[in-house]
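Notes follow the structure.
The values are calculated or read from the model by the stated rules, or taken from the named source; none is laboratory data. As the structure is a computational prediction, the values presented were derived from the model and not from experiment. Please note: Cβ atoms are built from the backbone with ideal geometry, for glycine as well, and neighbour counts cover all protein chains shown. Protein only, heavy atoms only, side chains kept; ligands, DNA and RNA dropped before computing areas. Shrake-Rupley method; radii C 1.70, N 1.55, O 1.52, S 1.80 Å.
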Amino acid sequence: MGLNAFAGLALILALAQGTLAEPLRIATYSPGLSRDGPGLLLRDLTRKDSQIDAVIRVIAGTRPDILLLTDFDWDYDSKALDAFAARLAKAGLDYPHRFAARPNSGMATGLDLNADGRLGTADDAQGFGNFTGQGGMAILSRHPIGSVRDYSGFLWRDLPGNLMPPLPPEVAAARRLSSTAHWDAEITIAGQPLHLLAMSATPPVFDGPEDLNGRRNHDELAFWLHHLPKGPFVLAGNLNLDPMDGDGRPEALARIMAHVTDPLPRSTGGTAARGGVNDNHKGDPALDTGDWRDDRPPGNLRVDYVLPAKGLEVLGSGVFWPAEGPLAEAALKASAHRLVWVDVDWPPAP
């Protein structure tokens with residue numbers, strides 16, 4: 001048998017056995033697909049909408065194999081997610097496997113969580129939201145999604161070493177840790193499982209001297225220190241925390257970094273987005289993933305992450321933020337956040 005024929009046979013056998021090592025692209029993106037009322041996102045997805053078109057262009061520009069969406073409205077029948085997947089399919093992106101579950105955002109508690117003397121406001125939900133499912137999460141995948149452990153019902157008070165401030169007993173007994181959700185989704189690629197640890201944390205602002213949101217933001221990330229799976233995993237989502245700039249408590253992030261590889265994804269657009277408050281930042285602007293007003297804090301920050309477990313080989317990474325051109329305009333039109341992607345070698349080395 002000739003050398004070329006032998007190589008061809010080896011390729012066929014590898015494909016048949018599902019053992020061909022190739023890059024696996026995992027991304028997280030907060031596309032701003034949340035609306036002011038239930039059903040409005042589905043409405044917009046079924047008609048012409050320039051912002052949604054821009055979101056599609058961003059995703060088409062990166063073509064992730066596994067994509068975690070944050071700030072995406074949830075509905076009971078996943079009609080909005082199905083409609084979004086259909087829009088992606090028309091753009092040549094097929095995601096046959098999808099998962100979404102009811103988030104804590106907008107979930108009514110019947111309690112006055114923020115002690116303002118009123119019930120039923122967005123601040124009284126388990127996570128900030130005007131209606132059930134506002135600003136939820138969703139996973140889209142080219143590979144089968146198996147079991148999903150949903151930790152969203154975990155109580156804040158039950159986290160070891162939690163930073164929860166003193167709260168009325170009835171509030172402490174009901175307050176969940178997740179402002180949106182915590183999922184451990186097992187995704188099978190080439191016959192081997194990968195755990196996608198998905199989350200979207202509350203911003204560490206919009207509170208008082210008790211720093212409830214800052215403490216909660218810290219503990220939402222610290223949660224994973226007690227729930228890391230034994231197999232390969234990737235932690236992804238909007239952590240709403242910059243390690244060097246802005247508000248927040250970076251201690252939990254520093255502890256997480258001991259268990260993962262930080263690929264330090266970069267962009268030319270972030271590097272170029274200077275001026276105003278950004279000039280006083282300590283962090284590398286190329287790493288920024290959030291593009292906010294430059295004339296007042298916080299400015300641009302790194303808040304979206306894809307962090308593979310140590311042992312997974314990182315082949316590449318990036319932040320989709322072109323400095324100029326049509327795709328730069330699409331990224332700006334789509335969202336204040338930028339899509340973050342990381343390529344890992346799969347399957348992992350034994």
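Picking from residues in the stretch 72-98 that are closer than 20 Å to D184 by Cβ and open to solvent by 50 Å² or more (accessible area, probe 1.4 Å), the one that is farthest from the chain's Cα centre (by Cα) is H97. For the stretch 324-342, the criterion of being in a strand (DSSP E or B) and either in contact with a Leu (Cβ under 7 Å, 6 or more places away or on another chain) or open to solvent by 30 Å² or more (accessible area, probe 1.4 Å) (or both) is met by at least one residue. Being touching a helix residue (DSSP H, G or I) at 6+ places or on another chain (Cβ under 7 Å) and more than 30 Å from L194 (Cα to Cα) is a property that G299 has.
For the stretch 313-323, enumerate the residues that are surrounded by 15 or more Cβ atoms within 10 Å (Cβ to Cβ) and out of contact with any Phe, Trp or Tyr (no Cβ under 9 Å at 6 or more places or on another chain). Across the stretch 313-323, the qualifying residues are V314, L315, W321, P322. Only one of the listed residues (A83, A101) is within 17 Å of L40 (Cβ to Cβ), out of contact with any Gly (no Cβ under 6 Å at 6 or more places or on another chain) and in contact (Cβ under 8 Å) with a residue 40 or more places away in the chain. That residue is A83.
The single condition among (1) farther than 27 Å from D211 by Cβ; (2) in a loop (DSSP other than H, G, I, E, B); (3) more than 17 Å from the chain's Cα centre (by Cα) that L264 does not meet is (3).
Which one is nearest to G290 (Cα to Cα), of the residues in the stretch 220-230 that are modelled with pLDDT of 95 or more and open to solvent by 20 Å² or more (accessible area, probe 1.4 Å)? Don't jump to the end; show me each part of the working.
Initial filter on the stretch 220-230 (modelled with pLDDT of 95 or more): 220-229.
Adding the requirement that they be open to solvent by 20 Å² or more (accessible area, probe 1.4 Å) leaves 225-229.
Details: L225: 25, H226: 28, H227: 28, L228: 27, P229: 29 Å.
Here the answer is L225.
Among the residues of the stretch 267-278, the one identified as surrounded by 17 or more Cβ atoms within 10 Å (Cβ to Cβ) and either touching a Ser or Thr at 6+ places or on another chain (Cβ under 8 Å) or among the charged types (D, E, K, R) (or both) is G270.
Among the numbered conditions (1) over 13 Å from R87 (Cβ atoms); (2) within 19 Å of the chain's Cα centre (by Cα), tell me where I59 comes up short. The single condition I59 does not satisfy is (1). Quick check on the stretch 279-296. Is at least one of its residues surrounded by fewer than 17 Cβ atoms within 10 Å (Cβ to Cβ) and closer than 19 Å to G325 by Cβ? No, that holds for no residue.
Please go through the stretch 109-148 and pick out each residue that is without any contact (Cβ under 8 Å) to a residue 60 or more places away in the chain and open to solvent by 50 Å² or more (accessible area, probe 1.4 Å).
In the first step, residues of the stretch 109-148 are kept if they are without any contact (Cβ under 8 Å) to a residue 60 or more places away in the chain; the result is 110, 112, 114-126, 129, 144-148.
Matches in the stretch 109-148: G110, N114, A115, D116, G117, R118, L119, G120, D123, P144, S147.
Would you pick out the residues in the stretch 299-312 that are in contact (Cβ under 8 Å) with a residue 60 or more places away in the chain and open to solvent by 30 Å² or more (accessible area, probe 1.4 Å)?
Residues of the stretch 299-312 that are in contact (Cβ under 8 Å) with a residue 60 or more places away in the chain, as a first pass: 302-309, 311-312.
G311, the sole residue that qualifies.
Quick check on G246: is it touching a strand residue (DSSP E or B) at 6+ places or on another chain (Cβ under 7 Å) and surrounded by fewer than 18 Cβ atoms within 10 Å (Cβ to Cβ)? Show your work before the answer.
Details: touching a strand residue (DSSP E or B) at 6+ places or on another chain (Cβ under 7 Å): yes; surrounded by fewer than 18 Cβ atoms within 10 Å (Cβ to Cβ): no.
For G246, the condition - touching a strand residue (DSSP E or B) at 6+ places or on another chain (Cβ under 7 Å) and surrounded by fewer than 18 Cβ atoms within 10 Å (Cβ to Cβ) - is not met.
Residues in the stretch 190-204 that are hydrophobic (A, V, I, L, M, F, W, C) and either out of contact with any Pro (no Cβ under 7 Å at 6 or more places or on another chain) or assigned to a loop (DSSP other than H, G, I, E, B) (or both): A190, L196, L197, A198, M199, A201. The one condition from (1) crowded, with 20+ Cβ neighbours inside 10 Å; (2) at pLDDT 95 or above that T261 does not meet is (1). Does A222 satisfy the criteria of being touching a helix residue (DSSP H, G or I) at 6+ places or on another chain (Cβ under 8 Å), on the phi < 0 side of the Ramachandran plot and of a type outside the set (D, E, K, R)? Yes, satisfied.
Residues of the stretch 205-223 that are among the aromatic types (F, W, Y) and assigned to a helix (DSSP H, G or I): F223 alone.
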